[in-house]
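Taking it in order: structure first as structure tokens, then the write-up.
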Amino acid sequence: MTIADKTILVTGANRGIGQALVTEALRRGAKRVYAGTRRPLTHPDGRVTPLVLDVTDAAQIRAAADRVGSLDILVNNAGIALYDDLSDRAALERHLAVNLFGTYGVTQAFLPMLTRSRGVIVNNLSLMALAPVPLTPAYSISKAAAFNLTQSLRALLADRGVRVHAVLTGPTDTEMTRGLDIPKASPPSVARAIFDAVDAGEEDIFPDPLSASMAGSWRDSAAKALERQNAALVAA
Ligand SMILES: NC(=O)c1ccc[n+]([C@@H]2O[C@H](COP(=O)([O-])OP(=O)(O)OC[C@H]3O[C@@H](n4cnc5c(N)ncnc54)[C@H](OP(=O)(O)O)[C@@H]3O)[C@@H](O)[C@H]2O)c1
């Protein structure tokens, strides 16, 4: 799978990593890029089709799927991250609504198209899917759940020829990490690394220096071996 001549949808496309993914897809020669955003967007490149798409809004998801018609690559990138301490159930529900059920809802709506194209799903998760940062526990829980969703979809969709990638992103310099005084990767470098890894068929993607330092040990881990062993149950 290369991005050239493909049709791709990116959610949360107006800023941060999503915006960088749109730019990078265009640079790689994508045929059409659907940019899902909560507010109407204009884009100078004629290959970009803006879509109003709040991933928590079932009617907007349906309308977007009706408009798109055919799709090769879905990038579930939209996400929220708020500080909390698990004392407020509503904070957990808000994170799950966007980061888990948003990803789930958009994926289900576009699955028929992705099945027809034998396409690709890319879920932008977080390193916090593997280990929580207790300053953002609700966010971490939502990303862990979305990672598990990604792993199950990977196993369930393999025989339909749909590839499902998890992106275990580390700190990246966007609005989400504003105020955090730590080393951060640039959104363009993360977008390049994500598409390079999709091209290379790497199912788990570590697109920045911090996450990349863990890639080898993850691939050789007991958890990864168990994922493969459990996935074989689907085929059986
Ligand atoms: N930055 C990091 O260090 C980092 C690390 C690991 C993972 N990630 C993940 O990368 C993804 C992109 O984050 P970012 O760093 O680029 O953050 P960002 O700059 O805060 O962008 C978040 C994007 O998600 C959109 N969004 C939020 N809620 C939405 C909803 N209900 N429906 C549709 N779109 C929605 C936002 O749209 P609005 O402009 O309308 O709010 C915005 O476009 C997220 O899934 C995030 O969890 C980021």
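The values are calculated or read from the model by the stated rules, or taken from the named source; none is laboratory data. Just so it is clear, the model here is predicted, and its values are computed rather than measured. With ideal geometry, Cβ positions are generated from the backbone for all residues, glycine too; neighbour counts draw on all protein chains shown. SASA here: full protein model, heavy atoms, side chains in, ligands and nucleic acids out. Shrake-Rupley method; radii C 1.70, N 1.55, O 1.52, S 1.80 Å.
With a simple spin-label model that places each label point 7 Å from the Cα along the Cα-to-Cβ direction, the separation between Arg160 and Leu86 comes to 3.5 nm. Evaluating 6.51 cos²θ - 1.76 cosθ + 1.60 at θ = phi - 60° for every residue in the stretch 106-122, the Karplus couplings come out as 5, 4, 4, 5, 9, 4, x, 5, 5, 5, 4, 8, 6, x, 9, 10, 10 Hz, glycine and proline recorded as x. Take the Cα of Asp181, go 7 Å toward its beta carbon, and the backbone nitrogen atoms of the stretch 62-83 under 20 Å from that spot belong to 83. Derived scalar couplings between HN and Hα for the stretch 80-89 equal 10, 9, 10, 5, 7, 9, 6, 7, 10, 4 Hz in order, rounded to whole Hz, by the Karplus curve 6.51 cos²θ - 1.76 cosθ + 1.60 (θ = phi - 60°), x for Gly and Pro.
Neighbours of Val164, meaning other residues whose beta-carbon lies under 13 angstrom from its beta-carbon, give a summed charge of -1 when Lys and Arg score +1 and Asp and Glu score -1.
Residues in the chain average 48 Å² of solvent-accessible surface per residue, probe 1.4 Å, ligands and nucleic acids excluded. Residues whose amide H lies under 5 Å from that of Ala185, counting only those 5 or more places away or on a different chain, are Thr172, Asp173; hydrogens are built 1.01 Å from N in the peptide plane. For the stretch 51-94 versus the stretch 178-236, the spacing of their alpha-carbon centroids is 22 Å. In summary, the lysines within cross-link reach of Lys224, defined as a Cα separation below 26 angstrom excluding same-chain residues under 8 places away, comprise Lys143.
On a full-extension model of 0.36 nm per residue, what is the gain between Gln108 and Arg67, subtracting their alpha-carbon distance, rounded to one decimal in nm? Don't jump to the answer; show the numbers that get you there.
Numbers: separation 41, 0.36 × 41 = 14.76 nm, distance 1.54 nm.
Value of the extension gain: 13.2 nm.
Charge dipole (Cα centre; +1 on Lys/Arg Cβ, -1 on Asp/Glu Cβ; no other charges) of the chain amounts to roughly 660 debye. Taking other residues whose beta carbon is less than 14 angstrom from the beta carbon of Glu24, and scoring Lys, Arg as +1 and Asp, Glu as -1, yields +2. For the stretch 130-236, the set of trypsin sites (Lys or Arg not before Pro) satisfying both a DSSP loop assignment and a count of at most 15 other C-beta atoms within 10 Å is given as Arg178. The length gained by stretching the chain between Ser189 and Asp220 to full extension, at 0.36 nm per residue less their Cα-Cα distance, is 8.6 nm. Kindly state, to the nearest 0.05, the FRET efficiency for Ser152 paired with Arg38, given R0 = 22 Å and r defined as their beta-carbon distance. Once the sixth-power term is evaluated, E becomes 0.20.
In straight-distance terms, cross-link reach from Lys6 covers every one of the lysines whose alpha-carbon lies under 23 Å from its own, apart from those fewer than eight places away in the same chain; here that gives Lys31.
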